[in-house]
Amino acid sequence: MLRISLFLGVFFTTTLTFSQQSVEIREAEYSLKSIYRQILAEISYSSRDSLNALFYRSFKEALMHQGSFSYPFDSIPIGKVTSPDGRFRIFTWNIPQPGGYQKYFGLMQVKNADGGVKLLELVDGRNDIKDPRNDKLTTQRWMAALYYQLVPFNSTFGPAYVLLGYDFNNLFTSKKIIEVLTFDTQGNPVFGLPVFNVDGKYRLSRIVFEFSARASMVLRYSDEAKTIVFDHLSPSQSIFTGDFQYYGPDGSFDGFKLEDSEWVYVRDLDLRNPKRPKPKPIDAPVDIKEPGFIYIPYNTPVK
């Protein structure tokens, strides 16, 4: 009887602790949701930044709670991706700035080998990245974006994860990004891996699409085709080659297809209804063979 009593005492104490933690996390989510709504409604840039500082501190505290890793935080409308293997998850959001610029913020939870969870901050490092296509980056120097899709794959360096993200950038151009995340031998996240094979001529660590802020671009992963599908971007006229504020979808689609441990560039994917003729862009520069993400963009500052 004594053993049974001790067991029941431990069971109810543990259950009560978990229940209390769950209540605390739910209350934290409610508070975060309220703060984020205020951020979205606020028109003053300084007030918005102050509210975001409160949101950031509060979110960090919530993610430090035991049991928070399995809590979805679904009511907060920010970017959320979770690895299918349960190794990590990433939250991302942006705060508009004067002049059409953006500030990006990210928090990443990573499970340790012992089952514990560590919380990492992602620091927007876009101003310090000299070669976005090839630089290897850390959480403290992050190619900021709002992540919306995650694709695991096996690279020659071990388990890796493709992240698809969106960057509002500025008044003139937007960006979409294909990022690759791996972990070093100490378990630290590393962004960028040379797994993108473009015609055998280029081996890139990251793909950055830049296009007119007035246009929209498709970038998604097709599990059935094992291919990252995206709009082919072209300038409205050949004289604007490399000036991405004049780039937009031209009606065709390209992709990166997973072959063994690398992503191989494929042109002109047929995603259309076969009865529908392929649209032709006005004044499309048909002589430009290289994809837009190969060109080095004009120097457009970010803040």
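Of the residues that sit in the stretch 228-255 and are surrounded by fewer than 21 Cβ atoms within 10 Å (Cβ to Cβ) and of a type in the set (Val, Ile, Thr), which one is farthest from ASN134 (Cα to Cα)?
Top of the filtered list is ILE239.
Please indicate, with yes or no, whether at least one residue in the stretch 107-130 is under 24 Å from ARG214 (Cβ atoms) and of a type outside the set (D, E, K, R).
Taking every residue of the stretch 107-130 in turn, none turns out to be under 24 Å from ARG214 (Cβ atoms) and of a type outside the set (D, E, K, R).
If we scan the stretch 97-106, do we find a residue that is buried (at least 17 other Cβ atoms within 10 Å of the Cβ) and assigned to a helix (DSSP H, G or I)?
No, every residue in the stretch 97-106 fails to be buried (at least 17 other Cβ atoms within 10 Å of the Cβ) and assigned to a helix (DSSP H, G or I).
Residues checked against (1) in contact (Cβ under 8 Å) with a residue 40 or more places away in the chain; (2) within 25 Å of GLU179 (Cα to Cα); (3) assigned by TED's automatic domain parsing to the domain that holds GLY187; (4) touching a Gly at 6+ places or on another chain (Cβ under 9 Å):
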{"site": "GLU27", "(1), (2), (3), (4)": "no, no, no, no"}
{"site": "ALA41", "(1), (2), (3), (4)": "no, no, no, no"}
{"site": "SER50", "(1), (2), (3), (4)": "no, no, no, no"}
{"site": "LYS60", "(1), (2), (3), (4)": "yes, yes, no, no"}
{"site": "GLN66", "(1), (2), (3), (4)": "yes, no, no, no"}
{"site": "PRO72", "(1), (2), (3), (4)": "no, yes, no, no"}
{"site": "PHE88", "(1), (2), (3), (4)": "yes, yes, no, no"}
{"site": "ASP114", "(1), (2), (3), (4)": "no, no, no, no"}
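Out of (1) under 15 Å from LYS103 (Cα atoms); (2) at pLDDT below 95, what's the single condition that is false for GLY67?
Going through the list (1) under 15 Å from LYS103 (Cα atoms); (2) at pLDDT below 95, GLY67 breaks only (1).
Checking VAL208 against (1) in contact (Cβ under 8 Å) with a residue 60 or more places away in the chain; (2) outside any strand (DSSP E or B), which single condition isn't satisfied?
Looking at each condition in turn, VAL208 falls short on (2).
Each row is one residue, and each column tells you yes or no for (1) touching a Pro at 6+ places or on another chain (Cβ under 7 Å); (2) aromatic (Phe, Trp, Tyr).
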residue: ILE76; (1), (2): no, no
residue: PRO84; (1), (2): yes, no
residue: PHE88; (1), (2): no, yes
residue: PRO96; (1), (2): no, no
residue: TYR101; (1), (2): no, yes
residue: GLY106; (1), (2): no, no
residue: GLN109; (1), (2): no, no
residue: ASP124; (1), (2): no, no
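Checking LEU120 against (1) within 26 Å of PHE293 (Cα to Cα); (2) of a type in the set (A, V, I, L, M); (3) touching a residue at least 24 places away in the same chain (Cβ under 8 Å), which test does it fail?
Exception for LEU120: condition (1).
Can you tell me which residue is farthest from LEU171 (Cα to Cα) among those in the stretch 211-235 that are of a type in the set (Gly, Ala, Ser) and part of a strand (DSSP E or B)?
SER222
So is LEU258 at pLDDT 95 or above and either out of contact with any strand residue (DSSP E or B) (no Cβ under 8 Å at 6 or more places or on another chain) or part of a loop (DSSP other than H, G, I, E, B) (or both) or not? Show your work before the answer.
Numbers: at pLDDT 95 or above: yes; either out of contact with any strand residue (DSSP E or B) (no Cβ under 8 Å at 6 or more places or on another chain) or part of a loop (DSSP other than H, G, I, E, B) (or both): no.
Taking the combined requirement at face value, the residue does not satisfy it.
If you check LEU163, LEU150, LEU137, which single one turns out to be of a type in the set (A, V, I, L, M) and not assigned by TED's automatic domain parsing to the domain that holds GLU224?
Result: LEU137 is the single residue among LEU163, LEU150, LEU137 that is of a type in the set (A, V, I, L, M) and not assigned by TED's automatic domain parsing to the domain that holds GLU224.
Which numbered condition in (1) closer than 20 Å to ASP199 by Cβ; (2) modelled with pLDDT of 90 or more is the only one that TYR246 fails?
Of the numbered conditions (1) closer than 20 Å to ASP199 by Cβ; (2) modelled with pLDDT of 90 or more, the odd one out for TYR246 is (1).
Please enumerate the residues belonging to the stretch 41-66 that are closer than 20 Å to ALA28 by Cβ, part of a loop (DSSP other than H, G, I, E, B) and either of a type in the set (Val, Ile, Thr) or in contact with a Phe, Trp or Tyr (Cβ under 7 Å, 6 or more places away or on another chain) (or both).
none
Return the total of residues in the stretch 129-154 being assigned to a loop (DSSP other than H, G, I, E, B) and within 13 Å of TYR104 (Cα to Cα).
Filtering the stretch 129-154 down to residues assigned to a loop (DSSP other than H, G, I, E, B) leaves 129-136, 139-140, 143-145.
Narrowing the set further to residues that are within 13 Å of TYR104 (Cα to Cα) leaves 139-140, 143-145.
Final tally of qualifying residues: 5.
Any idea how many residues of the stretch 112-128 are surrounded by fewer than 16 Cβ atoms within 10 Å (Cβ to Cβ) and in a loop (DSSP other than H, G, I, E, B)?
Total meeting the criteria: 5.
Just name the residue that is surrounded by the fewest Cβ atoms within 10 Å (Cβ to Cβ) out of those in the stretch 184-224 that are in contact with an Asp or Glu (Cβ under 7 Å, 6 or more places away or on another chain) and farther than 30 Å from LEU119 by Cα.
So the residue we want is VAL218.
For ARG57, indicate whether it is within 17 Å of the chain's Cα centre (by Cα) and either modelled with pLDDT under 95 or under 27 Å from ASP167 (Cβ atoms) (or both).
In short, no.
The values are calculated or read from the model by the stated rules, or taken from the named source; none is laboratory data. Computed from a predicted model, the values in this text were never measured in an experiment. Note that we place each Cβ from the backbone using ideal geometry, even for glycine, and neighbour counts take in every protein chain shown.
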